[in-house]
There are 2 protein chains.
Amino acid sequence: MSLESMSLESMSLESMSWETMYATRADRMRASEIRELLKLLDQPDIISFAGGIPDPQLFPDEAFRTGFQDALSDGRAGDSLQYSVSEGYPPLRQWIMRQMAAIGVPCAIDNVLITSGSQQALDYLGKLFLSPSDTALVSWPTYLGALQAFNAYEPRYDRLNPAAMNVIPAVYADGAAQAGGRVKFAYLTPDFANPTGETLDLRSRELALALGDELDIALIEDAAYQALRYDGSDEPSLLSLDIARTGDIDRTRTIYCGSFSKTLAPGLRVGWVCAAQPVIRKLVLMKQAADLHSASINQVVIHHVAEHGFEAQILKIRAAYRARRDLMLAALQLHLPAGVTWTRPEGGMFIWLTLPEGVDGAQLLRQATATARVAFVPGRAFHADGSGANTLRLSFSLADETSIALGIERLGRLIADTGAMRG
Amino acid sequence: MSLESMSLESMSLESMSWETMYATRADRMRASEIRELLKLLDQPDIISFAGGIPDPQLFPDEAFRTGFQDALSDGRAGDSLQYSVSEGYPPLRQWIMRQMAAIGVPCAIDNVLITSGSQQALDYLGKLFLSPSDTALVSWPTYLGALQAFNAYEPRYDRLNPAAMNVIPAVYADGAAQAGGRVKFAYLTPDFANPTGETLDLRSRELALALGDELDIALIEDAAYQALRYDGSDEPSLLSLDIARTGDIDRTRTIYCGSFSKTLAPGLRVGWVCAAQPVIRKLVLMKQAADLHSASINQVVIHHVAEHGFEAQILKIRAAYRARRDLMLAALQLHLPAGVTWTRPEGGMFIWLTLPEGVDGAQLLRQATATARVAFVPGRAFHADGSGANTLRLSFSLADETSIALGIERLGRLIADTGAMRG
């Protein structure tokens, strides 16, 4: 039948069956547990340790005000509001170059791409490397947002455990081949990982690089929390170790993802990727096709704010978050019953609890919000294999002193009661 | 070999062979002709009709200044700089709801998703619908950025020609099946399309909807230029026609992509999708995984600027661009030799030239930049099949009165000389 012979009246008035029309990858785009939970928590009497977000009271508001004023001044407004290049605003990329050099990563401006937060970098890296059935190595648990970003490209996951000494690269490669693909990258957050707060020691970092070499894969270094160290001394970044042995960032396999979200403010969506130029060139093409460029004015303003007091801002937030971490660790010690263990992070925003076997974090959250009025994120969502039911994540970045003491007390009582009920 | 037995010294110092590690989709991410050309054109004595970008002198600078001040005022700064929901800033979505209602698209807030420009909407729609070897229907020529966005999902293209009356839906479906997939959507810019400037008449719009019904596919309506009409009367949007027959946006197959880039300013990267709720829900999940949300403060500010004088801004830019279109059409009439034809757009930013068969637009551009000092975009890149060598795109949005007259005179002489050389 030609369209000529059709009339509008003959058209179907049924609702669309969209599910049948989507790409296969859409099957793996599901509502996130964290997201659905956060919707329930917007009640004033619930003390929430759920969201892993910075405290807006610590944002450098005044620097942002002058930054936007400056970006919109006569002679500058046109450029700030206009289209710009996909690579990002050159002065910001140069600022990042200097920051990277300061952590042992000498690089050129063409080793830096600006992204809309490091979340976008993870999406782009999944898109660049993963064909369906390829394998991505991630830790159990890992950042939920990384799993969500990668899922769109239909990978298989295998468990990365760089802190363990008995990793056999061939096992990864064989598993990947059996699944019909290849191991394409290992994703790691070496410093103060989301959700555990844990940091890899130097030996583990070296093992990760050795694994990368043996499998000939990329290493994705998620450095979102790297600047937030409260005690102990800095470990060298994976990328800096990679450069130390290869002599040149353009010979490295490590792709570093940085972010201003945890240091300056997340709402402008500015992050970056620092890596070998062939990778950056491909990501620039991808970005051009996907959203042209990150917002022009936001990059100009982030540059302004970074130039005018980045170090002071880091000192300010470190002091604030360190105090909250200390309070939360002390409260956990005081209120949590025997049988519960937790991490003691040297930085970042998170403490990771392991409950006795058989206690379910999601079930506990339902009780916690219904009765104890305290919230956290159950740990299962962070596990690519669906394990980790008896774990949960606490964030100490947003809660004040009183809330931390009271909230952990409530949590301790709830867990003790749950244990008693089980007993 | 276990990692334990490896030493750092044994590691390869060869450069990485990245190309072998990428996903298959990366093969189709190539440098854009437009982009490479634009790099060459940043010379003051070249008159450029190449870039399809708005004139920054028409940006509502003052409204942006007060918008950012307001967004960063005490009590508001925290929210403006903080993470926000993936769906977008509710007041902006409500403003868009009202705008959509005004063009015959009554909808709810949950029919609207904010994206980082409409380019991101195209990327997400490719990601949502296209499995490798699926077919996307596009016109020859079409928006180059749409081809780039879709290419990442490895589709096949077939030629959409809604203005022709002899479209046989079965031919599309059979071709798609032979290629190993299905037709998933038709992509159209009904109003003042990039690159041709052409507008679909009502009959063509109805045929597009009928084709959508017959093939049971989505229709992607790119409305980036819809507000920029300089004469003639508005045609109903595809989505409004779809609602008129189905009675409810949630029963439509049309996915409308809007943008503030051509009306307010592109540098904030704010656009939107308006469509049936099942599609929006899926896109929200996709956005959450891909970049969490579009920049918070940008959405707050776009809302402010839209609330304070959107209509006046539209009138201002229409008047300016209308005058430039008229000037360019008059100059073409005066200076172009016989054998060259062009479109007479009722809006938008572009005029499309067809040169005599055998004249190559890319070759002409090389001569034009070398000798005549005038620039445009050769037409081949806009054709999914690589045809269109004898076409080119002129943009009239950015050039001033003198440049338009002089540049078209230069172009006319160049084409005449080229014709003479060929003769």
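Derivation of every value follows stated rules applied to the coordinates shown; laboratory data play no part. Note that the coordinates shown come from a computational prediction; the quantities given were computed from them, not determined experimentally. Glycine also receives a Cβ, built like all others from the backbone with ideal geometry; neighbour counts cover every protein chain displayed.
Gyration tensor analysis over the Cα atoms of the stretch A:61-308 returns equivalent ellipsoid semi-axes of 32, 19, 16 Å (largest first, whole Å). Projecting 7 Å from Cα along the Cα-to-Cβ direction, the label point of B:TRP140 sits 5.3 nm from its equivalents in the other copies, listed shortest first.
Spacing of the modelled spin labels on B:ALA177 and A:ALA312, each 7 Å from Cα toward Cβ, amounts to 7.0 nm. Within the stretch A:61-308, DSSP assigns beta bridges of which about 35% are antiparallel (rounded to the nearest 5).
Exposure proxy for A:PHE310, A:PHE68, B:PHE382, A:PHE59: other Cβ atoms within 10 Å of each Cβ, ordered fewest to most, give A:PHE310, A:PHE59, A:PHE68, B:PHE382. The other copies place their A:GLY339 label points at 9.1 nm from this one, listed shortest first, where each point is 7 Å from Cα along Cα→Cβ. Semi-axes of the equivalent ellipsoid of the protein assembly as shown are 47, 29, 28 Å, computed as sqrt(5λ) over the eigenvalues of the C-alpha gyration tensor in descending order. Label sites at B:ARG98 and A:ARG30, each approximated as a point 7 angstrom past Cα along Cα to Cβ, lie 4.0 nm apart.
Under 13 Å from a point placed 7 Å out from the Cα of A:GLN367 along the Cα-to-Cβ direction: which residues of the stretch A:379-423 have their backbone N that close? Only A:411-423 pass the distance filter.
Charge dipole of the stretch A:149-265 (Cα centre as origin; +1 on each Lys and Arg Cβ, -1 on each Asp and Glu Cβ, all else neutral): 220 debye, rounded to the nearest 20.
So what's the convex hull volume per residue for the Cα atoms of chain A, in Å³?
Per residue, the Cα convex hull of chain A comes to 203 Å³.
Projecting each Cα onto the charge dipole of the stretch A:61-308 (Lys/Arg +1, Asp/Glu -1 at the beta carbon, about the Cα centre), which of A:TYR172, A:ALA289, A:GLY88 comes out farthest on the positive side? Positive-end residue among those listed: A:ALA289.
The relative contact order of the stretch B:191-238, computed from alpha carbon pairs under 8 Å that lie at least 6 residues apart in sequence, is 43 percent. The H on the amide N of A:VAL374, modeled in the peptide plane, is under 5 Å from the matching H of A:ILE47, A:THR369, each at least 5 residues off or on a different chain.
Among A:VAL301, A:VAL85, a tally of other beta-carbon atoms within 10 Å of each Cβ gives an order, fewest to most, of A:VAL85, A:VAL301. Note on A:GLU357 and A:THR402: the extension gain reaches 13.2 nm, defined as 0.36 nm multiplied by sequence separation minus the Cα-Cα distance. Chain B versus the axis that turns it onto chain A: the residue with the nearest Cβ and the distance in whole Å amount to B:PHE68, 2.
About its Cα centre, the stretch B:217-330 has a charge dipole of approximately 240 debye under the convention of +1 per Lys or Arg Cβ and -1 per Asp or Glu Cβ, with nothing else charged. Only the Cβ atoms of Lys and Arg (+1) and of Asp and Glu (-1) were treated as charged; on that basis the dipole of chain A about its Cα centre amounts to roughly 480 debye.
The residues B:TYR22, A:TYR225, when put in order of fewest to most other Cβ atoms within 10 Å, stand as B:TYR22, A:TYR225.
In percent, rounded to a whole number, the relative contact order of the stretch A:131-251 is 26, using alpha-carbon pairs under 8 Å and six or more apart. Lys/Arg Cβ at +1, Asp/Glu Cβ at -1, dipole of chain A taken about the Cα centre: which of A:GLY75, A:ILE114, A:PRO337 is farthest positive-ward? Projecting each Cα onto the dipole axis, the largest value belongs to A:PRO337. Summing charges over all other residues whose Cβ lies under 14 Å from the Cβ of A:ALA63, with Lys and Arg as +1 and Asp and Glu as -1, gives -3. Summarising the label geometry, the points placed 7 Å from Cα in the beta-carbon direction at A:ARG281 and B:GLU62 lie 4.8 nm from one another. Sorted from shortest to longest, the distances between the A:PRO90 label points of this copy and the other copies are 4.4 nm, with each point 7 Å from Cα along the line through the beta carbon.
Order B:348-358, B:43-53, B:183-193 from most to least packed using the mean count of other Cβ atoms within 10 Å.
B:183-193, B:348-358, B:43-53
Computed over the protein assembly as shown, the per-residue total of -39500 (n - 2.57) for DSSP H runs of n ≥ 4 gives a 222 nm mean residue ellipticity of -13000 deg cm²/dmol, rounded to 500. List every DSSP H helix in chain A whose Cα atoms extend 30 Å or more along the helix's own long axis and whose mean Kyte-Doolittle hydropathy is at least 0.5. The qualifying helices: there are none. I want the antiparallel fraction of DSSP beta bridges within the protein assembly as shown, as a percent rounded to 5. The antiparallel proportion sits near 50 percent. Backbone N atoms of the stretch A:58-95 closer than 16 Å to the 7 Å Cα→Cβ label point of B:ALA320 belong to residues A:74-83. Note: relative contact order over the stretch A:61-308, using C-alpha pairs below 8 Å and six or more positions apart, is 29 percent.
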